[in-house]
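What follows is a set of notes on a single structure, which appears directly below.
The values are calculated or read from the model by the stated rules, or taken from the named source; none is laboratory data. Note that this is a predicted model, so its numbers are computed, not measured. In this analysis, Cβ positions are derived from the backbone assuming ideal geometry, glycine residues included, and neighbour counts consider all displayed protein chains.
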Amino acid sequence: MTVHLHEKGLFAWSEWAETLSKELHRPGRAEDGSDYFDCWVAALSELLVSRGVVDAFAILDLQKSWQRAAEATPHGKPIELANDPQR
């Protein structure tokens, strides 16, 4: 998704690299890189919010919905937003 948005001109690759780097070096981040995916998502979210593509609250609501869907999905079954009991 990040590459696609870059290719569509939403942001320059240097801007992406800078945003991701800032996220990776925030205080409290895992020194072993085990939270790399979380940093990636936070950096992409920051770019999307700063461009007005999406609202930060919408991202948080969607994140919570995916979490509820994951918790409600039986083991071995695909996680789908439709599985969120609050949707």
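Worth a mention:
- Remark: Leu44 matches the filter, which requires a residue to be surrounded by 12 or more Cβ atoms within 10 Å (Cβ to Cβ), in contact (Cβ under 8 Å) with a residue 40 or more places away in the chain, within 28 Å of Arg87 (Cα to Cα) and not charged (D, E, K, R).
- Cβ pairs under 7 Å, 6+ apart, first in region 9-32 and farther than 16 Å from Leu47 by Cα, second of a type outside the set (Gly, Ala, Ser) and in a helix (DSSP H, G or I): Arg29/Cys39
- Only a single criterion out of (1) loosely packed, with under 11 Cβ neighbours inside 10 Å; (2) under 17 Å from the mean Cα position of the chain (by Cα); (3) farther than 27 Å from Leu10 by Cα is not satisfied by Lys77, namely (2).
- Consider region 12-41 and keep the residues that are aromatic (Phe, Trp, Tyr) and under 16 Å from the mean Cα position of the chain (by Cα). The one that is farthest from Gln63 (Cα to Cα) is Trp16.
- Extreme residue, surrounded by the fewest Cβ atoms within 10 Å (Cβ to Cβ), among residues of region 1-40 that are of a type in the set (Lys, Arg) and over 19 Å from Val53 (Cα atoms): Arg26
- The one condition in (1) modelled with pLDDT under 95; (2) under 16 Å from the mean Cα position of the chain (by Cα); (3) not small (Gly, Ala, Ser) that Leu44 fails to fulfil: (1)
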